[in-house]
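Worksheet: one structure, shown below.
The values are calculated or read from the model by the stated rules, or taken from the named source; none is laboratory data. These numbers come from a predicted model, not from an experiment. Neighbour counts are summed over all protein chains in view; Cβ atoms, including those assigned to glycine, are modelled from backbone coordinates with ideal geometry. Side chains included, ligands, DNA and RNA excluded: accessible areas come from the protein's heavy atoms. Shrake-Rupley method; radii C 1.70, N 1.55, O 1.52, S 1.80 Å.
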Amino acid sequence: MHVAALILSVVLGLAMLASGVMKLIRAPRIVSMMAAVHVTPPQLTALGALQVASTIGLVAGIWFPPLAIAAAIGLVLYFTGAIVAHVRAGDPAMQGAVAFLLLAGATTVTLVLDY
């Protein structure tokens with residue numbers, strides 16, 4: 001795995017781990033932000049679990065690159081959906097989702113080109 005792909009995978013994995021854990025422990029700031037886009041508590045648990053699972057995929061992908069590619073593609077889809085949810089709800093606070101989408105996209109491209 002190239003250095004750029006490794007660094008992007010680790011940074012994205014750490015960001016997803018932090019975000020996923022915050023959803024799973026129901027951090028008040030996250031709960032209020034998710035309520036603005038009509039995410040229910042069971043959905044919040046599922047979204048947090050997906051982010052933690054993506055971290056596992058990105059880390060395991062260090063040894064098995066197709067798994068990292070799949071995890072990164074999954075995150076591109078995840079954050080595309082997050083942006084759609086923000087737009088539908090009329091919530092302008094989607095900068096985090098856009099930033100994560102860009103990071104996931106860059107990671108995906110780097111991993112694919114490295115593979």
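Put simply, segment 42-89 fits an ellipsoid with semi-axes of 24, 12, 5 Å; these come from the alpha carbon gyration tensor as the roots of five times its eigenvalues, largest first.
Summed over the residues of the chain and divided among them, the accessible surface reaches 55 Å² per residue at a probe radius of 1.4 Å. Per-residue packing, averaged as other Cβ atoms within 10 Å, sorts the ranges 62-75, 19-32 into the order 62-75, 19-32, beginning with the highest. Helix screen, the chain: DSSP H segments with Cα axial length of 30 Å or more and mean Kyte-Doolittle hydropathy at least 1.0 are 3-24, 65-89. Take every Cα pair under 8 Å whose residues are at least 6 apart in sequence, average their separation, divide by the length of segment 1-91, and the relative contact order is 32 percent. Normalised by residue count, the chain yields a Cα convex hull volume of 79 Å³ per residue.
Taking one quarter of the surface of the convex hull spanned by the alpha-carbon atoms of segment 11-52 gives a direction-averaged projected area of 2.6 nm².
For the chain, the mean residue ellipticity at 222 nm estimated from helices alone is -28000 deg cm²/dmol, where every DSSP H run of n ≥ 4 contributes -39500 (n - 2.57) and the total is divided by all residues, rounded to the nearest 500. Spatially, segment 93-115 and segment 1-49 are offset by 14 Å when compared through their Cα centroids. Heavy-atom surface analysis with a 1.4 Å probe gives the chain a carbon and sulfur content of 79 percent of its accessible area.
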